[in-house]
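The values are calculated or read from the model by the stated rules, or taken from the named source; none is laboratory data. Just so we're clear, the structure is a prediction, and the values are computed from it rather than from any experiment. Cβ atoms come from the backbone with ideal geometry, glycine included; neighbour counts cover every protein chain shown. Heavy atoms of the whole protein, side chains included, go into the accessibility calculation; ligands, DNA and RNA do not. Shrake-Rupley method; radii C 1.70, N 1.55, O 1.52, S 1.80 Å.
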Amino acid sequence: MQYSYMRNCSNNRAATFSPPVVTIPIVDLSKPDAQALIVKACEDFGFFKVINHGVPVDAISLLEEEATKFFSLPLSDKEKVGLANPFGYGNKRLGYNGDVGWIEYLLLKTNSQHSNTLTLPSDQNSEQFRCALNEYMQAMRKMACEVLELMAEGLKIEERNVLSKLVMDEQSDSAFRVNHYPASNGGGGGDENKNKNNTTNMVGFGEHTDPQIISLLRSNNTSGLQIDVGDGNWIPVPPDHSSFFVNVGDSLQVMTNGRFKSVRHRVIVDNGYKSRLSMIYFVGPPLSEKIAPLPSLMLGKESLYKEFTWFEYKNAAYSTRLATNRLIPYEKIAAS
């Protein structure tokens, strides 16, 4: 991270700082240095971009096309899928704690225990949408495993699948979310989603960290995503239609005993005519999985966190407001 520093020497005024100039780390999954770059990015940012990821372009394009069709339907038709509770179709309300955003979304389970049976209107090819979802989610799970195994190798953990096995578990509590941020000057999502106040820079999705292990994100070629690089400095993430971004989640921060940091991020919707469509695969362990620092990383160090199950933390996390630092109650130092 580079900081631009300026001092006015002639009148001896206090130094002033310009916003940080940050280059998002890029990891080429096909290169031998991917392991080290992933660890470095997780330590410095909790966030990085992956290229040469192996996800078929056709799978990306097909799901984006089908999702765009779905979100262009009238609200009454979209609600036939079932209102998010938490899975299903949601509009503006983000959870149960008063958080709202300029957004509509589909939230789906990804494991074999919960098949995605979308109930769509007759003018929507529901079978094609389901197939597109399943193909894409399979590709996401494969990439998640590759990233997590490279991460374990970079951390010099002998058990290479110590993290990826949590994704492959039949009881994995991973989830998939498709977000649609309608264009604020109309278009996308129907008349019910238009911004009648013509407000600029609306909050699409408020600042938060993801509670899971990692999240895999991509969007159409539209800006809006921002990450917090510290001291309240938010920097925009340049959109990249062909690449994926990886977020470190709270659970991985605990599993690395604070070595990796979960990244605080948000989406700001510009007052424009292009809608934003993003797809996020949240890598979650089984509900019964105990979350604690990995023994192979401790080497005699004391744990910074109290042990908890994913079920306990998930329930606690989703019962708070988005911007809450959800890990504070689980920090041993804070509790002492």
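Of everything in segment 278-306 that's part of a strand (DSSP E or B) and under 18 Å from the mean Cα position of the chain (by Cα), which residue is surrounded by the fewest Cβ atoms within 10 Å (Cβ to Cβ)?
Top of the filtered list is I280.
Somewhere in segment 239-254, is a residue open to solvent by 10 Å² or more (accessible area, probe 1.4 Å), closer than 22 Å to Y105 by Cβ and hydrophobic (A, V, I, L, M, F, W, C)?
yes
Give me a count of the residues in segment 107-125 that are modelled with pLDDT of 85 or more and either assigned to a strand (DSSP E or B) or open to solvent by 70 Å² or more (accessible area, probe 1.4 Å) (or both).
So the answer is 3.
Tell me the residue from S61, S76 that is at pLDDT below 90 and polar (S, T, N, Q), please.
Being at pLDDT below 90 and polar (S, T, N, Q) holds for just one of S61, S76, which is S76.
If you take the residues in segment 189-234 that are touching a helix residue (DSSP H, G or I) at 6+ places or on another chain (Cβ under 8 Å) and surrounded by fewer than 21 Cβ atoms within 10 Å (Cβ to Cβ), which one is modelled with the highest pLDDT?
Going through the qualifying residues, I end up with N220.
Quick check, is Y330 open to solvent by less than 30 Å² (accessible area, probe 1.4 Å) and in contact with a strand residue (DSSP E or B) (Cβ under 8 Å, 6 or more places away or on another chain)?
Considered against the rule, which asks whether it is open to solvent by less than 30 Å² (accessible area, probe 1.4 Å) and in contact with a strand residue (DSSP E or B) (Cβ under 8 Å, 6 or more places away or on another chain), Y330 comes out as no.
Count, please, the residues in segment 219-233 that happen to be touching an Asp or Glu at 6+ places or on another chain (Cβ under 8 Å) and closer than 26 Å to G284 by Cβ.
So the count comes out to 3.
In segment 126-148, what count of residues is obtained for those that are over 17 Å from L106 (Cα atoms) and either touching a residue at least 24 places away in the same chain (Cβ under 8 Å) or open to solvent by 70 Å² or more (accessible area, probe 1.4 Å) (or both)?
Total satisfying the criteria: 9.
Quick check on segment 43-56: of everything there that is surrounded by 15 or more Cβ atoms within 10 Å (Cβ to Cβ) and part of a strand (DSSP E or B), which residue is farthest from the chain's Cα centre (by Cα)?
V50
Kindly evaluate S275 against the criterion of being hydroxyl-bearing (S, T, Y), under 27 Å from E64 (Cα atoms) and buried (at least 19 other Cβ atoms within 10 Å of the Cβ).
yes
Please work out which one of (1) open to solvent by 80 Å² or more (accessible area, probe 1.4 Å); (2) at pLDDT 85 or above; (3) not basic (K, R) is the condition S10 fails and give its number.
All conditions are met except number (2).
Could you tell me whether segment 307-323 includes any residue that is within 16 Å of the chain's Cα centre (by Cα) and open to solvent by 60 Å² or more (accessible area, probe 1.4 Å)?
Yes, that holds for at least one residue.
Matching residues to (1) hydrophobic (A, V, I, L, M, F, W, C); (2) within 17 Å of R177 (Cα to Cα); (3) surrounded by fewer than 15 Cβ atoms within 10 Å (Cβ to Cβ); (4) in contact (Cβ under 8 Å) with a residue 60 or more places away in the chain:
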{"residue": "V39", "(1), (2), (3), (4)": "yes, no, no, yes"}
{"residue": "D58", "(1), (2), (3), (4)": "no, no, yes, no"}
{"residue": "F71", "(1), (2), (3), (4)": "yes, yes, no, yes"}
{"residue": "G82", "(1), (2), (3), (4)": "no, yes, yes, no"}
{"residue": "G101", "(1), (2), (3), (4)": "no, yes, no, yes"}
{"residue": "E104", "(1), (2), (3), (4)": "no, yes, no, yes"}
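Which condition breaks for N161 when tested against (1) crowded, with 18+ Cβ neighbours inside 10 Å; (2) at pLDDT 95 or above; (3) of a type outside the set (D, E, K, R)?
With respect to (1) crowded, with 18+ Cβ neighbours inside 10 Å; (2) at pLDDT 95 or above; (3) of a type outside the set (D, E, K, R), N161 is out only on (1).
Kindly evaluate L322 against the criterion of being at pLDDT below 95, in contact with a Gly (Cβ under 6 Å, 6 or more places away or on another chain) and not polar (S, T, N, Q).
For L322, the condition - at pLDDT below 95, in contact with a Gly (Cβ under 6 Å, 6 or more places away or on another chain) and not polar (S, T, N, Q) - is met.
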